[in-house]
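*Asks:* The following block contains the structure, expressed as structure tokens.
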Amino acid sequence: MRNVRIAAAQLGPIQKADRRQAVVARMLDLMEQAAALKVGLIVYPELALTTFFPRWYHEDVGDADIWFEREMPNAATAPLFARAKQHGMAMSFGYAELTPDGHRFNASILVDKAGGIAGKYRKVHLPGHAELDEARAFQHLEKRYFEPGDLGFPVFRMHGGIYGMCICNDRRWPETWRVLGLQGVEMVVLGFNTPSVNSQKSGEGPETRIFHHKLSLQAGAYQNSTWVVAVAKAGVEDGHPLFGASCIVDPDGRIVAESATEADELIVHDCDLDATRFGKETIFDFKRHRRVEHYGRITGQVGVEVPE
Ligand code: CDV
């Protein structure tokens, strides 16, 4: 048994006017609850420090820099790093990253229990659009504010396990999971901000959207025999609802813990990383069963090519 006690630390809404210090205080509160339960790794959502700002249009992209972090840790997040280290707790959270040479990424990090950054990921699949789109019920401007991640889908050895990250929309793409699976990933941690309604399809509400969310997580977990920890930012941000449904999924694809609210909420589960072995050595023993000679289209083309 290689047991890791995991906490998915769901955050309720963060309003546009909320300051990072107030958000970090809420994150610390969840961390204290986790510490009391002897959690080994706490996972927070995508863009955990601010409201989901890609819903707001800035004509000048530089005006959106207020939502970005220029270094990590920084003054706002230092208390998180310090407290996690005191507790000997690893953590992961997402934030908007502005690099010294001016690149903007939707990023997440994995911090080990000694407080060092063990891994970084930059979101590869950016949903939405780059220009103001009045036809939508609300904006989703990730393609305006971020570049696609340039780090691929790396995995990291930490505390005796193999960990990977992805972010929100990445979870809908089987390519994400398989690239992580091909590196032996044992736990994928991810944060998400998913609107409860579809801005381009009236009538598609939370029931369908939570179904698609769980379908993606459960398929990714099962088909790669990995644990999955998916953590929401949820609730109504300045009139815009985001669903909750933070989940911990086992390597059989079963949801073993799920949040019940759209507020700050901790869900905890003991995850045995050795439970990933059976699937990896049998039905999803990639080395024995994959047929890469037939998979060329996966990397050889982007869009659909229909026959003549
Ligand atoms: N933050 C996201 O990536 N959200 C997308 C929404 C726009 C569909 C998601 O895939 O959940």
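The values are calculated or read from the model by the stated rules, or taken from the named source; none is laboratory data. Remember, it's a predicted structure, so these values are computed and weren't measured experimentally. Positions of Cβ are backbone-derived with ideal geometry, glycine not excepted, and every protein chain shown enters the neighbour counts. The protein model used for the area step is the full one, side chains on, heavy atoms only, and it has no ligands, DNA or RNA in it. Shrake-Rupley method; radii C 1.70, N 1.55, O 1.52, S 1.80 Å.
*Asks:* Which loop-located GluC sites (Glu not before Pro) does the stretch 102-164 contain, where loop means any DSSP state but H, G, I, E or B and the Cβ has at most 13 other Cβ atoms within 10 Å? Mind showing how you got there, number by number?
*Replies:* On the way: sites: 131, 134, 142; in loops: 131, 134.
Of the GluC sites (Glu not before Pro), the ones in loops of the stretch 102-164 whose Cβ has at most 13 other Cβ atoms within 10 Å are 131, 134.
*Asks:* Right, next: From the protein chains alone at 1.4 Å, what is the descending order of accessible area for 123, 85, 280, 38, largest first?
*Replies:* 38, 85, 280, 123
*Asks:* First compute the accessible area of the stretch 186-241 with a 1.4 Å probe, then give the percent of it belonging to carbon and sulfur atoms.
*Replies:* For the stretch 186-241, the apolar C and S fraction of the accessible surface comes to 55 percent.
*Asks:* Would you kindly state how much longer the chain becomes between residue 291 and residue 136 on full extension, computed as 0.36 nm times their sequence separation minus their alpha carbon distance, in nm to one decimal?
*Replies:* So the chain would gain 51.7 nm between residue 291 and residue 136.
*Asks:* I need the trypsin sites (Lys or Arg not before Pro) found in the stretch 190-244, filtered to DSSP loop residues with at most 15 other beta carbons within 10 Å of theirs.
*Replies:* Within the stretch 190-244, the qualifying trypsin sites (Lys or Arg not before Pro) (loop, at most 15 other Cβ atoms within 10 Å) are 201.
*Asks:* Which residues' amide hydrogens lie under 5 Å from the amide hydrogen of residue 158, considering only partners 5 or more residues apart or on another chain, with H built in the peptide plane?
*Replies:* Here 163 satisfy the definition.
*Asks:* Another one. Whole-Hz ³J(HN,Hα) for each residue in the stretch 188-197, computed from phi via Karplus 6.51 cos²θ - 1.76 cosθ + 1.60 with θ = phi - 60°, x for glycine and proline: what do you get?
*Replies:* 10, 10, 8, x, 8, 10, 10, x, 6, 10
*Asks:* First select every other residue whose beta carbon is under 9 angstrom from the beta carbon of residue 10; then total the charges, Lys and Arg +1, Asp and Glu -1.
*Replies:* -2
*Asks:* Note down the magnitude of the dipole of the chain about its Cα centre, charges +1 on Lys and Arg C-beta and -1 on Asp and Glu C-beta and zero elsewhere, to the nearest 20 debye.
*Replies:* That gives the chain a dipole magnitude of about 900 debye.
*Asks:* Okay, next question. Distance check, please: which entries in 113/214; 16/123; 201/233; 16/120; 120/233 exceed 24 angstrom between their Cα atoms?
*Replies:* Violating the 24 Å limit, Cα to Cα: 113/214; 16/120.
*Asks:* Take each complete run of DSSP H in the chain, measure how far its Cα atoms stretch along the helix's own axis, and keep only those covering 18 Å or more with mean Kyte-Doolittle hydropathy at least -1.0; list them.
*Replies:* 20-36, 206-224
*Asks:* Hey, another quick one. Of 121, 295, which has the most accessible area with a 1.4 Å probe, and how do the rest follow in descending order?
*Replies:* Details: 121 0, 295 85 Å².
The residues order as 295, 121, largest area first.
*Asks:* Taking only protein heavy atoms and a 1.4 Å probe, what accessible area per residue, in Å², does the chain have with all protein chains in place? Each step should come with its number before you reach the end.
*Replies:* Values: 13850 Å² over 308 residues.
For the chain, the per-residue accessible area is 45 Å².
*Asks:* Under the Karplus relation 6.51 cos²θ - 1.76 cosθ + 1.60, θ = phi - 60°, what is the ordered set of whole-Hz ³J(HN,Hα) values for the stretch 89-106, x standing for Gly and Pro?
*Replies:* 10, 6, 8, 9, 8, x, 7, 8, 10, 10, 7, x, 9, x, 8, 10, 10, 8
*Asks:* Here's something else I'd like to know. Carbon and sulfur together cover what percent of the accessible area of the stretch 28-110 at a 1.4 Å probe radius?
*Replies:* 53 percent
*Asks:* Given only helices, namely DSSP H runs of n ≥ 4 each adding -39500 (n - 2.57), what is the per-residue ellipticity at 222 nm of the chain, to the nearest 500 deg cm²/dmol? Don't skip to the answer; put the middle values down first.
*Replies:* On the way: 8 runs with 72 residues, N = 308.
Taken over the chain, the calculation gives -6500 deg cm²/dmol.
*Asks:* Sticking with this one: When DSSP beta bridges are limited to those with both residues in the stretch 92-231, what percentage is antiparallel, rounded to the nearest 5? All intermediate terms of the calculation are to be shown ahead of the outcome.
*Replies:* On the way: 16 of 26 bridges.
That works out to approximately 60 percent antiparallel.
*Asks:* How big is the stretch 133-275 by the Kirkwood estimate over distinct Cα pairs, in Å?
*Replies:* 16.0 Å
*Asks:* Ok, one more. For the stretch 254-296, how big is Rg over Rh, using alpha carbon atoms and the Kirkwood form of Rh?
*Replies:* My calculation of the ratio gives 1.23.
*Asks:* At a probe radius of 1.4 Å, what is the per-residue accessible area of residue 175, in Å² to the nearest 10?
*Replies:* The accessible area of residue 175 comes to roughly 70 Å².
*Asks:* Same structure again: May I ask you to derive the relative contact order of the stretch 177-255, considering only C-alpha pairs under 8 Å and at least 6 residues apart, and to give it as an integer percent?
*Replies:* Once normalised by length, the contact order is 36 percent.
*Asks:* Which distance in nm do the two modelled labels at residue 18 and residue 2 give, with both placed 7 Å along the Cα-to-Cβ direction?
*Replies:* 3.5 nm
*Asks:* What fraction of the DSSP beta bridges in the chain is antiparallel, stated in percent and rounded to the nearest 5?
*Replies:* That works out to approximately 65 percent antiparallel.
*Asks:* I've got another one for you. From the backbone phi of the stretch 294-308, what are the Karplus-calculated ³J(HN,Hα) couplings (6.51 cos²θ - 1.76 cosθ + 1.60, θ = phi - 60°) in whole Hz, Gly and Pro given as x?
*Replies:* So the Karplus estimates, Gly and Pro as x, are 9, 9, x, 4, 4, 10, x, 9, 9, x, 7, 10, 8, x, 3 Hz.
*Asks:* Now, a different point. Can you find, among 269, 232, 292, the residue sitting farthest towards the positive end of the charge dipole of the stretch 215-308, where Lys and Arg contribute +1 and Asp and Glu -1 at Cβ?
*Replies:* 292
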